[in-house]
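Here the structure comes first, spelled out in structure tokens, and everything after it is commentary.
The values are calculated or read from the model by the stated rules, or taken from the named source; none is laboratory data. Everything numeric in this text was worked out from a predicted model, so none of it was measured. Cβ sites come from the backbone with ideal geometry, for glycine too, and all protein chains shown count toward neighbours. Heads up: the accessible areas ignore ligands, DNA and RNA and are worked out on the full protein's heavy atoms, side chains in. Shrake-Rupley method; radii C 1.70, N 1.55, O 1.52, S 1.80 Å.
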Amino acid sequence: MAEETRLIHGFHAVTAKLRQDAEGVREIYLASGRQDSRARDLVKLAGERGVRIVSVDTARLDAMAKGASHQGVVASVAAQQRYVTLDDVLDSLAEPALLLVLDGVTDPHNLGACLRVADAAGAHAVVAPKDRACGLNATAIKVASGAADTVPYIVVTNLARSLREIKERGIWTIGAAGEASKDLYAIEQKGALAWVLGAEGEGLRRLTKDTCDELARIPMHGSVESLNVSVASGICLFEARRQRG
């Protein structure tokens, strides 16, 4: 039986996949004639990882990416995501951890958007429970636009227990809650940090709230009472990045 594969595209996604899971990369298709620095760096990295690069025309890349912006590179990778633990991620960091923990996000479109936000903010992983979560399905991977291959998605059996383990690693946990007395701009976020967010409307479960070190709210200045979880994740993670300078 032939191995199941899927396609990823864009220099960021393909390069990250090569660095994190080269064994999962089957072949890379690069636009013929590209001699710029990004293309040369990719060719060099692929050579070091033992991955074959095939030169193809832009029309073929367009067809493979199905209209998405591929930047001149598409890669065929194993369909199965590589299993990564939170300890794997934390043990490899050269800077204070920045994590996004999701509680009760059951819409794959929201999960995909959260992965994109996490990638953009430089979060090191997204953590979610096995139950009451949509999981990293095909829809979430598509919406993530490559971020599913750059940001580890860690599935845990018991979220409260995992939060306690995160805290034992010296990571401060902040739960986003509309009823919190402090807003997120009043909290120092320069150290190792995990932002914990629930789905829009339902928010965090009580046990999840009680397990967090503290709660913070996003100040709302209009008529709406809540934000989509991916939007809220972006606000929280980028504030942490801003404070880190």
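Which is the longest run of the chain containing none of the GluC sites (Glu not before Pro) found in DSSP loop states (not H, G, I, E, B) with at most 11 other C-beta atoms within 10 Å?
5-178
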Give me the distance in nm between label points sitting 7 Å out from Cα along the Cα-to-Cβ direction at Ala186 and Arg244, one decimal.
-> 2.5 nm
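Per-residue ellipticity at 222 nm for the chain, helices alone: DSSP H runs ≥ 4 residues times -39500 (n - 2.57), over residue total, nearest 500 deg cm²/dmol?
Calculated mean residue ellipticity at 222 nm is -11000 deg cm²/dmol.
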Considering only protein heavy atoms and a 1.4 Å probe, what is the carbon-and-sulfur percentage of the accessible area of the chain?
-> 48 percent
Among Ala148, Ala94, Ala216: highest mean-square fluctuation, GNM of the chain, C-alpha pairs under 10 Å | Ala94
What is the spin-label model distance, in nm, from Glu4 to Met64 if the labels are put 7 Å beyond Cα along the C-beta direction?
-> 2.1 nm
Would you list which lysines come within 28 Å of Lys130, measuring only between C-alpha atoms, while excluding same-chain residues fewer than 8 positions from it?
-> Lys17, Lys142, Lys167, Lys209
Could you provide, to the nearest whole Å², the per residue accessible area of the chain with probe 1.4 Å?
-> 51 Å²
Return the whole-Å distance between the Cα centroid of the stretch 153-219 and the Cα centroid of the stretch 102-128.
-> 14 Å
Could you work out the relative contact order of the chain, using alpha carbon pairs under 8 angstrom and six or more residues apart, expressed as a whole percent?
-> 19 percent
State, as an integer percentage, the relative contact order of the stretch 10-116 based on alpha-carbon contacts under 8 Å between residues 6 or more apart.
-> 31 percent
Can you give the relative contact order of the stretch 135-245 as a percent, counting alpha carbon pairs under 8 Å and 6+ residues apart?
-> 29 percent
For the chain: span of alpha carbons on each principal axis (Å, largest first) | 57, 41, 39
